[in-house]
Amino acid sequence: MALLDILFNRGKASTSKTSFPVERTRIPGPNDTFLDRIFPEDFWSSMDRSRFVTDEQSMLADEPVFEWLIRTTRPDTIVELGSWKGHSANHMADICKAEGLDSRIICVDTFLGGPEHWVLGDTIDTMRRRNGMPTILEAFLGNTVARGNEGRIFPFTVDTATGWQVMRDLGFKADLIYVDAGHAYHQVVEEVHGYLPRLNEGGVMFGDDYYFEPVARAAHDMAKHYGFSLGVLQRRKWVFMTERLARNPAPEELGFEIRTEPYPA
């Protein structure tokens, strides 16, 4: 999730008991080789839930950007790079349910925090370490179950470089890819290079944190490199524009604009 979410809005952890829904049956599809190997049918049901907690954390209101992109692309599979405690993944899952979509969301994250979590202010406390190890994944899993999205959301606990290589080797493709992991220029560039080939034809890649200069610069450079127009929404999200998106304009409240120049100072 975005750095500002971490810095300015800490959720309160809860260890209250939660009733866990029954795992959903997966409909066969072209990504079965990947899903069957990484997330077998008992992936959720076999978990030790004794340490799950609910600890939601988000600074901003749920953004309608997700609704526009999901309603337009009607994704079967979504990939999220960088998930933190799962707020945006669960928000996307909720939209998919409301749209009657049987979508699956693969969340690529080590759940060990990034450099900013270890060095900025007291953000190290947000990782709730036990025996020196961050317990972010326990909150991600607990939040997902509490939102009723068990069986829709799957944590792929690797770094983003490992993630795209495994997906490539197992023939995995997605319809929507959300880039919200590293905030350095080279990280965004590497993630776009690695994951753009993982999109199905007509798929869409978008990302967060456009207000960070390194992220914005990388988004502009990658859009130019791959021949996309770069759309900016709410001065926060960026998206590589496709014909399908152009045919379904973004709602006015998103403040959509096409940016052709580098991120303004």
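The values are calculated or read from the model by the stated rules, or taken from the named source; none is laboratory data. Nothing here was measured: the structure is a model prediction, and the numbers come from that model. Cβ coordinates were reconstructed from backbone atoms using ideal geometry, including for glycine residues, and neighbour counts include every protein chain displayed. Only protein heavy atoms, including side chains, enter the accessible area calculation; ligands, DNA and RNA are left aside. Shrake-Rupley method; radii C 1.70, N 1.55, O 1.52, S 1.80 Å.
Simple spin-label estimate for ASP32 and ARG168 gives 2.6 nm between the two label positions (7 Å along the Cα-to-Cβ direction from each Cα).
Pull out a ≥ b ≥ c, the square roots of the eigenvalues of the alpha-carbon gyration tensor of the stretch 180-265, then state rounded if a/c is under 1.5, prolate if not and a/b is larger than b/c, and oblate in the remaining case. It is oblate, given that a/c is not under 1.5 and a/b is not larger than b/c.
Treat every Asp and Glu Cβ in the stretch 56-194 as -1 and every Lys and Arg Cβ as +1, leave all other atoms uncharged, and give the resulting dipole magnitude about the Cα centre to the nearest 20 debye. Charge dipole of the stretch 56-194: 300 debye, to the nearest 20. By a 1.4 Å probe calculation restricted to protein chains, LYS173 has an accessible surface near 70 Å², given to the nearest 10. Between GLU253 and ARG129, the distance separating the two model label sites (each 7 Å from Cα on the Cα→Cβ line) works out to 4.1 nm. Placing a label point 7 Å from the Cα of PHE43 along the Cα-to-Cβ direction, the residues of the stretch 150-187 whose backbone N falls under 11 Å of that point are 151-157. Calculated accessible area for the stretch 145-265 comes out at 44 Å² per residue, all protein chains present (probe 1.4 Å; ligands, DNA, RNA ignored). The accessible surface of the stretch 117-265, taken with every protein chain in place and a 1.4 Å probe, is 51 percent carbon and sulfur. Relative to the Cα centre, the charge distribution of the stretch 156-218, modelled as +1 at Lys and Arg Cβ and -1 at Asp and Glu Cβ, gives a dipole magnitude of about 180 debye.
Shape class of the stretch 210-252 from the alpha-carbon gyration tensor: oblate, with a/c at 1.5 or above and b/c at least as large as a/b. When the square roots of the Cα gyration tensor eigenvalues are ordered a ≥ b ≥ c, the ratio a/c for the stretch 52-185 is 1.5 or more and a/b exceeds b/c, which makes its shape prolate.
What ranking, highest mean first, results for peptides 202-212, 158-168, 42-52 when packing means the other Cβ atoms within 10 Å averaged over each residue? Intermediate results must be reported in sequence, preceding the final value.
Details: 202-212: 20.9, 158-168: 17.5, 42-52: 13.1.
Going by the mean number of other Cβ atoms within 10 Å, highest first, we get 202-212, 158-168, 42-52.
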